[in-house]
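Reading through the structure tokens given below for one structure.
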Amino acid sequence: MLVFCIGFLTYQQIIQPSCQSSELDDYKANSTVASSQEVELDIPVDFDKLKKANKDIYAWIVVPGTKVDYPVLQHKSNNAYYLNRTINKEWSAYGSIFTEDYNNKDFNDFNTLVYGHNMKNGTMFGDLKKFRDVEFFKENRYITVYMENRILKYEIFAACSWDNKHILANRNFSLEQNRTSYLEEIFAVRDMNSQIAKDITVTKEDRVITLSTCMNNKQKRFIVSGVLVYDSQNQ
């Protein structure tokens, strides 16, 4: 079981990663893709180019209002591989945005956990802490995931402090009662660093994405969770 945390780091304390946002722009393209339903999808990412760079890249995640605009990777045998490696597989304290093999790469699991470091300069998942502010939470409520032939959109319903136990390793979400109890725990959170949208209904039948990053309290993590509200495959 792995718990990922690197803490708050400054520019002076780390080596700049070789693949920052300016270089990631090379993988973006204003393109359209024909889906299986023959409806053109506006996918602004060049997945052909991405996969030539690294076959472990399978999605791209964007959170408006933050610096989160990155490829998503999953290593086939080492869940911690991208903890400290760029998409070019070079060492970096920034690491990459990644999932583990607890999740399939189709975002069809009940809860897909996406990890990123909490960098002090706001890169990777460092900007997620903005969601602790109630006004920011109200004004920035969506997460978009692009895949090669698919677009997913999630509405954020929770941004909260959480314990550092591995969510997927410690909960069997194949059981309905575990999915229900997990959601009940989230909606029951009450603390000044957390925001919960009481007006959104999330059930055990829904699909959830959870962005997870560390806090300066090593016993806690900060998670931002959204429920799937749009899937281009279902249109």
Across all directions of projection, what mean area in square nanometres is found for the Cα convex hull of the chain? 12.6
Around Asp231, what is the net charge, scoring Lys/Arg as +1 and Asp/Glu as -1 over all other residues with Cβ under 9 Å from its Cβ? +3
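On the accessible surface of segment 73-164, probed at 1.4 Å, how many percent belong to carbon and sulfur atoms?
42
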Given axes a ≥ b ≥ c from the Cα gyration tensor, I'd like to know whether segment 91-179 is rounded (a/c under 1.5), prolate (a/b larger than b/c) or oblate. rounded
Here, Phe136 and Asn217, labelled 7 Å along Cα→Cβ, have an inter-label distance in nm of 1.8
As an exercise, use a Förster radius of 22 Å and the Cβ-Cβ distance of Lys76 and Asp48 to find the FRET efficiency, rounded to the nearest 0.05. 0.60
Centroid-to-centroid separation of segment 127-182 and segment 187-213 [C-alpha atoms, Å]: 6
So what's the net charge close to Val45: Lys and Arg +1, Asp and Glu -1, counting the other residues with Cβ under 12 Å from its Cβ? -3
Residue-normalised 222 nm signal for the chain, counting each DSSP H run of n ≥ 4 as -39,500 (n - 2.57), nearest 500 deg cm²/dmol, is -3500 deg cm²/dmol
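The values are calculated or read from the model by the stated rules, or taken from the named source; none is laboratory data. What you are looking at is a predicted structure, and each value in this text was computed from that prediction instead of being measured. Heads up, the Cβs are rebuilt from the backbone with ideal geometry, glycines too, and the neighbour counts pull from every protein chain shown. Surface areas here come from the heavy atoms of the whole protein model, side chains and all, with no ligands, DNA or RNA. Shrake-Rupley method; radii C 1.70, N 1.55, O 1.52, S 1.80 Å.
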